[in-house]
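Enquirer: Structure provided below as structure tokens; questions to follow.
The values are calculated or read from the model by the stated rules, or taken from the named source; none is laboratory data. Since this is a predicted model, take the numbers as computed values, not measurements. Positions of Cβ are backbone-derived with ideal geometry, glycine not excepted, and every protein chain shown enters the neighbour counts.
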Amino acid sequence: MTIPLTLRRASAHTHRRSRQPAGFTLTEILIAIALIVTIVAVAVGGLSHMLEQGKVSATQIFVKDGVKTPLQSYQLSTGHFPTTEQGLQALISQPDGESNWHGPYFDDQIKELPLDPWGFPYHYLRPGVHNPMSYDVWSNGASGADGAPDTIGNW
């Protein structure tokens with residue numbers, strides 16, 4: 001039993017696939033771009049918060065621990081902490097009239113006082129308001145304003 005030729009041709013035409021252009025539509029591309037922009041915005045927002053927290057942590061370490069040993073070494077050499085007028089600079093260069101100064105008290109590679117992570121100088125007060133028996137060291141934080149809520153001190 002054979003199938004007539006005309007039927008074979010008809011069935012061959014029914015198995016052909018319709019051709020659609022390959023690729024993405026403009027709508028699909030715009031949706032993908034919107035998703036990427038959203039993900040990047042969330043990531044950058046979180047990253048900037050992490051960077052700011054890192055600056056705060058570095059400042060806390062400096063004012064509480066990083067300057068503590070040099071100041072104690074200064075006190076052991078001279079018998080007292082630097083005065084407010086001498087400031088933290090006394091840890092790097094010998095103040096006038098300090099014959100028992102044996103500094104510099106910071107690492108030899110530190111030739112000038114470091115700035116806080118926001119580019120402002122650290123503050124020093126002797127005797128301290130918060131530590132009247134010793135000293136206060138602080139950064140005004142990101143705002144750079146005295147007494148602002150973002151002040152970071154050794155108290």
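Enquirer: When the range 127-155 is examined, which residues are found to be in contact with a strand residue (DSSP E or B) (Cβ under 8 Å, 6 or more places away or on another chain) and either within 12 Å of LEU88 (Cα to Cα) or of a type in the set (Asp, Glu) (or both)?
Expert: Once the filter is applied, which keeps residues that are in contact with a strand residue (DSSP E or B) (Cβ under 8 Å, 6 or more places away or on another chain) and either within 12 Å of LEU88 (Cα to Cα) or of a type in the set (Asp, Glu) (or both), the range 127-155 yields TYR135, ASP136, VAL137, TRP138.
Enquirer: Filter the range 81-94 for residues that are of a type outside the set (A, V, I, L, M) and either exposed (fewer than 12 other Cβ atoms within 10 Å of the Cβ) or touching a Phe, Trp or Tyr at 6+ places or on another chain (Cβ under 7 Å) (or both) and give the result.
Expert: Result: PHE81, PRO82, THR84, GLU85, GLY87, GLN94.
Enquirer: Run down ASN100, ASN140 and say which single residue is at pLDDT 90 or above and surrounded by 15 or more Cβ atoms within 10 Å (Cβ to Cβ).
Expert: Of the residues listed, the single one that is at pLDDT 90 or above and surrounded by 15 or more Cβ atoms within 10 Å (Cβ to Cβ) is ASN140.
Enquirer: Pairs needed: first member in the range 23-45, modelled with pLDDT under 80; second member anywhere, not in a loop (DSSP other than H, G, I, E, B); C-beta distance under 8 Å; at least 6 residues apart or different chains.
Expert: PHE24/ALA32
Enquirer: Return the pair list, or none, for Cβ contacts closer than 9 Å from residues in the range 107-131 that are touching a residue at least 12 places away in the same chain (Cβ under 8 Å) and more than 13 Å from ILE152 (Cβ to Cβ) to residues that are in a loop (DSSP other than H, G, I, E, B) and among the aliphatic types (A, V, I, L, M), at least 6 apart or on different chains.
Expert: ILE110/ILE92; LYS111/ILE92; GLU112/ILE92; LEU113/ILE92; TYR124/VAL67
Enquirer: Oh, and also: So which pairs qualify, if the first residue must be in the range 51-72 and in contact (Cβ under 8 Å) with a residue 12 or more places away in the chain, the second must be surrounded by fewer than 17 Cβ atoms within 10 Å (Cβ to Cβ) and not hydroxyl-bearing (Ser, Thr, Tyr), the Cβ gap must be under 7 Å, and the two must be at least 6 apart or on different chains?
Expert: Hits for this filter: LYS55/TRP118.
Enquirer: Then there is this: Return a yes/no flag: does the range 117-126 have any residue that is of a type in the set (Gly, Ala, Ser) and modelled with pLDDT of 90 or more.
Expert: Scanning the range 117-126, I find at least one residue that is of a type in the set (Gly, Ala, Ser) and modelled with pLDDT of 90 or more, so the answer is yes.
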